[in-house]
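Undergrad: Sharing a structure, written as structure tokens. Questions coming.
The values are calculated or read from the model by the stated rules, or taken from the named source; none is laboratory data. These figures come from a predicted structure and were not determined experimentally. Positions of Cβ are generated from backbone atoms using ideal geometry, with glycine treated the same way; all protein chains shown enter the neighbour counts.
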Amino acid sequence: MGDDGDIAVRCEGLTKRFGPGTGVFGLDLSIRRGEVYGLLGPNGAGKSTALRMLVGLIRPASGTATVLGHPAGTRSSLRGVGALIEAPALYPHLCGRDNLRVLAGYASVPAARVDRVLEAVGMTAKAHVAFRAYSLGMKQRLAVAAALLKDPALLILDEPTNGLDPEGVVGMRDLIAGLRRDNRTVLLSSHLLSEVEHACDRVGVIRRGRLIAEGTVAELRGGVDGGGLSVTVDSPERAAGLVRQLSAVRSVSVVGGELRVAVDPHEAAAVNRLLVMNGLAVSGLRRRVPSLEDVFFDLVEDHRATGPESVEVVNR
């Protein structure tokens, strides 16, 4: 990870319990300066709890956290942090620009920053409109502008695309990409797999308050059976029964009429030969690269039988 000078956020054993199975339990996390880090997990996994501890909204029961080299939640750490935690809390009767002017005054930020952050989030043209008249996507953009007012070294965004339509999700993703170009550290919490996959340099998967996997998207993909094969064949259910007979095959499933075979791609010829020899027509056979969706469900597979957590999958 490098020395502490390279680390924007470090958590060691961070714990906060709210009841049996709820909260954050022994969270160890290191986020490098200048990266976009995605905290991915089902609803109720503990993502928001972890972020609230980092900005001092709640106190941990045990463990430690440092933000930008200072204890989390202290004035020294918060000077360099901009955050959007849960829903944006802005004055509904004020326009976007006036909302930011009020916040700039509280934070002793030069008034010139207001127009800069409005431009950064693409809200200059709507800055004169009352906040209550904004769409949800516009409200989220203005909230990000508010978080950027102090020109923070670390930006913490909790579910920034929550409730947005597909166009709003893409717009927020582009905005986050722009923040990366500013060499700013971004900690992004989300349950949207595609959002994390497209926006983040590294991903941590959290389940029931514990970090269960971490790495780049490519690294995490490499941990899911190498992807295996996708086979387009008539009678896929019959084909699945045949392919299961091959000793090299680890698992077989039928998804959307397509046969998915967990097997070394070098076994493609054997799979094809078996199906053709049994009178099945194979119209497509390709190596399958696992998506972040595959990784996620592989990692948290047993949560379906043990709890009510949910995850939203987009662009499936």
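Undergrad: With a cut-off of at least 3 residues that are assigned by TED's automatic domain parsing to the domain that holds Val55, among the basic types (Lys, Arg) and closer than 30 Å to Cys11 by Cα, name the helices (runs of 4 or more DSSP H) lying wholly within segment 94-202. Even if it seems obvious, please write down each step before you answer.
TA: Numbers: elements: 96-106, 112-120, 136-148, 166-181, 193-199.
Ranges flagged: 166-181.
Undergrad: Free of Cβ contacts under 8 Å to residues at least 40 places away in the same chain and either β-branched (Val, Ile, Thr) or out of contact with any Cys (no Cβ under 7 Å at 6 or more places or on another chain) (or both): does that describe Gly23?
TA: No: the conditions fail for Gly23.
Undergrad: What number goes with the only condition from (1) without any contact (Cβ under 8 Å) to a residue 60 or more places away in the chain; (2) surrounded by fewer than 19 Cβ atoms within 10 Å (Cβ to Cβ); (3) closer than 30 Å to Ala130 by Cα that Gly96 does not pass?
TA: The single condition Gly96 does not satisfy is (2).
Undergrad: In segment 84-108, which residues are within 16 Å of Leu155 (Cα to Cα) and at pLDDT 95 or above?
TA: none
Undergrad: Could you list, in sequence order, all residues of segment 135-154 that are touching a residue at least 40 places away in the same chain (Cβ under 8 Å), within 24 Å of Gly34 (Cα to Cα) and either of a type in the set (Lys, Arg) or in contact with a helix residue (DSSP H, G or I) (Cβ under 6 Å, 6 or more places away or on another chain) (or both)?
TA: Leu142, Ala145, Ala146, Leu148, Leu149, Lys150
Undergrad: Any chance you could count how many residues in segment 241-279 are part of a helix (DSSP H, G or I) and among the basic types (Lys, Arg)?
TA: First, the residues of segment 241-279 that are part of a helix (DSSP H, G or I): 241-243, 265-277.
Among the residues that remain, those that are also among the basic types (Lys, Arg) are: 273.
Result for segment 241-279: 1.
Undergrad: Could you tell me which numbered condition Gly209 fails, if it satisfies all but one of (1) closer than 13 Å to Val36 by Cβ; (2) out of contact with any Cys (no Cβ under 9 Å at 6 or more places or on another chain)?
TA: Tallying (1) closer than 13 Å to Val36 by Cβ; (2) out of contact with any Cys (no Cβ under 9 Å at 6 or more places or on another chain), Gly209 fails exactly one: (1).
Undergrad: Note down all Cβ pairs under 8 Å where the first residue falls in segment 255-284 and is within 13 Å of Pro236 (Cα to Cα), the second is modelled with pLDDT under 95 and acidic (Asp, Glu), and they're at least six residues apart or on different chains.
TA: From segment 255-284, the pairs are Leu280/Asp234; Ala281/Asp234; Ser283/Asp234.
Undergrad: Now for a separate question. Based on this model, can you work out whether Gly34 counts as in a loop (DSSP other than H, G, I, E, B), of a type outside the set (S, T, N, Q), modelled with pLDDT of 90 or more and over 18 Å from Ala61 (Cα atoms)? Break it down into steps so the answer makes sense when it comes.
TA: Details: in a loop (DSSP other than H, G, I, E, B): yes; of a type outside the set (S, T, N, Q): yes; modelled with pLDDT of 90 or more: yes; over 18 Å from Ala61 (Cα atoms): yes.
It is true that Gly34 is in a loop (DSSP other than H, G, I, E, B), of a type outside the set (S, T, N, Q), modelled with pLDDT of 90 or more and over 18 Å from Ala61 (Cα atoms).
Undergrad: Going by the structure shown, is Leu285 in a strand (DSSP E or B) and either within 22 Å of the chain's Cα centre (by Cα) or modelled with pLDDT of 85 or more (or both)? Walk me through it before giving the result.
TA: Working: in a strand (DSSP E or B): yes; either within 22 Å of the chain's Cα centre (by Cα) or modelled with pLDDT of 85 or more (or both): yes.
Judged against the criteria, Leu285 is a match.
Undergrad: For Leu78, indicate whether it is buried (at least 20 other Cβ atoms within 10 Å of the Cβ), touching a His at 6+ places or on another chain (Cβ under 9 Å) and either free of Cβ contacts under 8 Å to residues at least 40 places away in the same chain or within 18 Å of Pro152 (Cβ to Cβ) (or both).
TA: Values: buried (at least 20 other Cβ atoms within 10 Å of the Cβ): yes; touching a His at 6+ places or on another chain (Cβ under 9 Å): yes; either free of Cβ contacts under 8 Å to residues at least 40 places away in the same chain or within 18 Å of Pro152 (Cβ to Cβ) (or both): yes.
Criteria met by Leu78.
Undergrad: So, in segment 165-219, of the ones that are of a type in the set (Asp, Glu) and closer than 20 Å to Ala143 by Cα, which residue ends up surrounded by the most Cβ atoms within 10 Å (Cβ to Cβ)?
TA: Among those residues, the one meeting the criterion is Glu195.
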